[in-house]
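Peer 1: Sharing a structure with you now.
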Amino acid sequence: MSDRFEGLKKLPRAPALRQLALANLKLDTVLAAPASAPVDAVLAELDASGAYLDMLRVLAAALPVREGIWWACLAGEDIAPDPKSPPPPLAAAQAWVLKPGDATRDKARQAAELAEPDDDTVLCATAVAMHDGKLGSGDLAAYDAPPGTAAMAILGMNLLSLGSVEAEAFEDRKTRLIDRALDIARGGNGRLGTAPAAVGEAAP
C-alpha cells in the first residue's frame, strides 16, 4: 500500500463500507478489497483506479465529524470571495470547530438559516448544526436529522471547491482536497505547506 495512506490515526478502524453506509453514501467503484477492508486499504485501491470522487466520499464518511467539518471549512475558503473575511456560515462553522458546544452550534444553525441564497458555505454551517445526527441542540435534539446530513454537506463543500476551478487547475485541486483530508487524518490542520497544528488550533 502507498505510504500516502499511512499514519491516518484519526480514522476509525471500522470497515470503510460500514462507515459509508452510516453516512448514507456509497461508492461508484466496485472494490476488489473485501467488505471488511479498512479505510486506508480502500483509499489505496481507489487511488490506483483514479476514483477520486469515491476517495472524497470515503474521507467525508470516515473523518471524525469535527475534523470533517474543518476539511469542509478549508474547501469553503476556496470559494469564498475573501477567505480572510469569511461569510457568516463559514465563520460560524470555523468557530464551532475551534470551540465545539451548544452556543457555537446554535450560531452555526442561525447562520445557515439566514445565509444569502448564493452562499454555498451554508453547507459548512449545516454540517455543524446536524453533526450528531440531530437537528440541533435544545428542543431540536429530540428530532433526527436526515441520515448522513453532515457527511453529505462535507462532501458537497469539497465538490463545490473542485467545481470552482478552471480545467487546467482541476488535477491540482482534486489532489489538494484529498491531501488536506489525509493531513487532517494524521493529526494536522489541513493547511498544506504550513507548520503542523491540530485542528483545534487551526484558526484561519
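Read the figures in this text as sums done on the coordinates, not as results from a lab. The model shown is predicted, which means the values in this text are computed figures rather than measured ones. Positions of Cβ are backbone-derived with ideal geometry, glycine not excepted, and every protein chain shown enters the neighbour counts.
Peer 1: Going by the alpha-carbon gyration tensor, a ≥ b ≥ c the square roots of its eigenvalues, is the stretch 80-131 rounded (a/c under 1.5) or, if a/c is not under 1.5, prolate (a/b greater than b/c) versus oblate? Intermediate values should be presented prior to the final figure.
Peer 2: Working: a/c = 2.17, a/b = 1.37, b/c = 1.58.
It is oblate, given that a/c is not under 1.5 and a/b is not larger than b/c.
Peer 1: Please check the chain for the longest run free of GluC sites (Glu not before Pro) that are loop-located per DSSP (anything but H, G, I, E, B) and have at most 12 other Cβ atoms within 10 Å. Kindly include the intermediate steps, with their values, before the conclusion.
Peer 2: Details: sites that count: E6, E166.
It runs 7-165.
Peer 1: Output the relative contact order of the chain, whole-number percent, from Cα pairs under 8 angstrom with separation of 6+ residues. Each step should come with its number before you reach the end.
Peer 2: Values: 323 pairs, mean separation 47.9, N = 204.
Relative contact order for the chain comes out at 23 percent.
Peer 1: With only alpha-carbon atoms counted, please give the Rg and Dmax of the chain, in Å.
Peer 2: My reading of the Cα-based Rg and Dmax gives 16.2, 48 Å.
Peer 1: For K9, which lysines qualify as cross-link partners when the Cα separation must be under 29 Å and same-chain residues fewer than eight apart are set aside?
Peer 2: The reachable lysines, counting only those whose Cα sits under 29 Å from K9, are K26, K99, K134, K174.
Peer 1: Kirkwood-based Rg over Rh for the stretch 1-71 (C-alpha set), two decimals? Please report the intermediate quantities before stating the final value.
Peer 2: Values: Rg = 11.1 Å, Rh = 12.1 Å.
Rg/Rh for the stretch 1-71 comes to 0.92.
Peer 1: Would the stretch 1-122 count as rounded, prolate or oblate if I go by the C-alpha gyration tensor, calling it rounded below 1.5 in a/c and otherwise prolate when a/b exceeds b/c, oblate otherwise?
Peer 2: Values: a/c = 2.35, a/b = 2.05, b/c = 1.14.
In terms of gyration-tensor shape, prolate.
Peer 1: Compute the distance in nm between two label points, each set 7 Å from the Cα along the Cα-to-Cβ direction, one at S137 and one at R4.
Peer 2: My value for the distance between the label points is 3.9 nm.
Peer 1: Still on this structure, please answer the following. Taking H as built 1.01 Å from N, whose amide H comes closer than 5 Å to the amide H of K134, not counting residues under 5 places away?
Peer 2: HN-HN under 5 Å from K134: A145.
Peer 1: Can you pull a Stokes-Einstein diffusion coefficient for the stretch 87-204 at 25 °C (0.890 mPa s), Rh from Kirkwood over Cα pairs, as a whole number of µm²/s? Don't jump to the answer; show the numbers that get you there.
Peer 2: Details: Rh = 15.1 Å.
For the chosen part, D equals 163 µm²/s.
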